[in-house]
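Note sheet for the following structure.
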Amino acid sequence: MRYRTLGGTGIEVSEYCLGAMMFGAAGNPDHEDCIRIINTALDRGINFVDTADMYSAGESEQIVGKAIKARRDDVVLASKVHFPFGEGRNRSGNSRRWITRAVEDSLRRLGTDWIDLYQIHRPDHTTDIEETLWVLSDLVTAGKIRAFGCSAFPAEDIVEAYHVSGQRGYGRFRTNQPPYSMIARGIERSILPTCRRLGMGVLTYSPLAFGFLSGKIRKDQPLDRSARASLAPARFDPALPANAAKYAALEPLSEVADSIGRTLPELAMAFVTSHPAVTSVISGPRTMEQLEGLLGAADLTLDDKTLDRIDEIVPPGTDLYTVDGVWQPQSLVDPTQRRRSLTDR
């Protein structure tokens, strides 16, 4: 396993990060099995574990906490805050009020005194970024978190946060966590170059494109309903026009993997780590078999010829599908932000 420094923090993390989204009711409800998977990953050299408060409504954090309890000092632990948690108002977002409450709840579920990397899961344009950076900086001073980052932030929000932190003397986002895969390369246009210029670490997620590059998806074969396809079957339906480009790329990418004697998931993992801006790639296995399959690529380095072939199939900077299925900027969601009022037309 290779290791890299996390966004100028001095913290060394493994090139592979174990994602815990599938631990709990949303994926694998067997806590003991999940704990075995986590400990196997740690035994194989992974020292970086990423979870979030909203994964299985806190259950993922509980599982991770139990798994790493005896080896906490050797684990770089990351969690996230933003999405609604529980009933009622003011239980989501990036406000001081909610983050102050949410971090205490995460610490309790994780059974730890500190979180190494606390991330803002998505932007919240109802909260001034100064408010968010202020409370995160206070949490670092209080020793509850060691560093903080963001997840799926567009380049303009990253730059704004960077300048506000400098102007106000707050700590700054040390990392960004965007989606990235062989068929979702949009972040190559501005997000990855921006993070690189600002010295930020990048933890990419969904290297297998929500399971599409798992090697189990074929256009002429029925879906495995026990896998991630069961969570969002529309993403895999070959009859939907939105999936045509993905399926068109699937077979050629599989042929590239075959030509170098590797599996499609191994090719997918190695592709992500080949980008110089990427610090660590998050993989979220549900089973021990899936973990073993992903770890098989830890020794794989792609040569220029192979990367050129991938570029020919999916051009750099191209997304073959809508990558983030849970959040869209208000500039796209709210029509009033795209249309002048009738009196001004």
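Dividing the convex hull volume of the alpha-carbon atoms in segment 1-139 by its residue count gives 108 Å³ per residue. FRET efficiency for the E289 to S341 pair, using the beta carbon distance and R₀ = 41 Å, is estimated at 0.15. The accessible surface of the chain, taken with every protein chain in place and a 1.4 Å probe, is 49 percent carbon and sulfur. Spin-label pair T141-A234: with each label point 7 Å from Cα along the Cα-Cβ axis, the two points sit 4.6 nm from one another.
If you take every DSSP beta bridge whose two residues both sit in the chain, what share of them, in percent to the nearest 5, is antiparallel? Working shown, then result.
On the way: 5 of 30 bridges.
If we restrict to bridges inside the chain, about 15 percent are antiparallel.
In percent, how large is the relative contact order of the chain, given Cα pairs closer than 8 Å and 6 or more residues apart? After rounding, I find 17 percent.
With one equal scatterer per alpha carbon and no solvent term, the Debye-computed log10 I(q)/I(0) for segment 167-309 at 0.13, 0.14, 0.15, 0.19 1/Å reads -0.61, -0.70, -0.80, -1.20.
Relative to the 2.2 N^0.38 Å rule of thumb, the chain has a C-alpha radius of gyration ratio of 0.98.
For segment 277-307, backbone nitrogen atoms closer than 20 Å to the point 7 Å from T40 Cα along Cα-to-C-beta are found at 281-300.
Computed 3J(HN,Hα) for segment 36-49, one whole-Hz value per residue from the Karplus formula 6.51 cos²θ - 1.76 cosθ + 1.60 where θ = phi - 60°, is 4, 5, 4, 5, 5, 4, 5, 5, 8, x, 6, 10, 10, 10, glycine and proline marked x.
Determine the gain in length on full extension of the stretch T126-D74; use 0.36 nm per residue of separation and subtract their C-alpha separation, reporting nm with one decimal. If you can, show how the numbers build up before the last one.
Values: separation 52, 0.36 × 52 = 18.72 nm, distance 3.73 nm.
Extra length from T126 to D74 when fully extended: 15.0 nm.
Toward the positive end of the charge dipole of the chain, with +1 on the Cβ of Lys and Arg and -1 on the Cβ of Asp and Glu, the farthest Cα among G149, P265, I99 is that of I99.
The slack in the chain from W114 to S274, taken as 0.36 nm per residue of separation less the alpha-carbon distance, amounts to 54.5 nm.
A simple spin-label model places the labels of H163 and A242 3.4 nm from each other, with each point 7 Å out along Cα-to-Cβ.
The values are calculated or read from the model by the stated rules, or taken from the named source; none is laboratory data. This structure is a prediction, so every number in the text was calculated from the model and none was measured. Glycine also receives a Cβ, built like all others from the backbone with ideal geometry; neighbour counts cover every protein chain displayed. Each accessible area value is taken on the protein alone, full model and side chains, heavy atoms only, with ligands, DNA and RNA left out. Shrake-Rupley method; radii C 1.70, N 1.55, O 1.52, S 1.80 Å.
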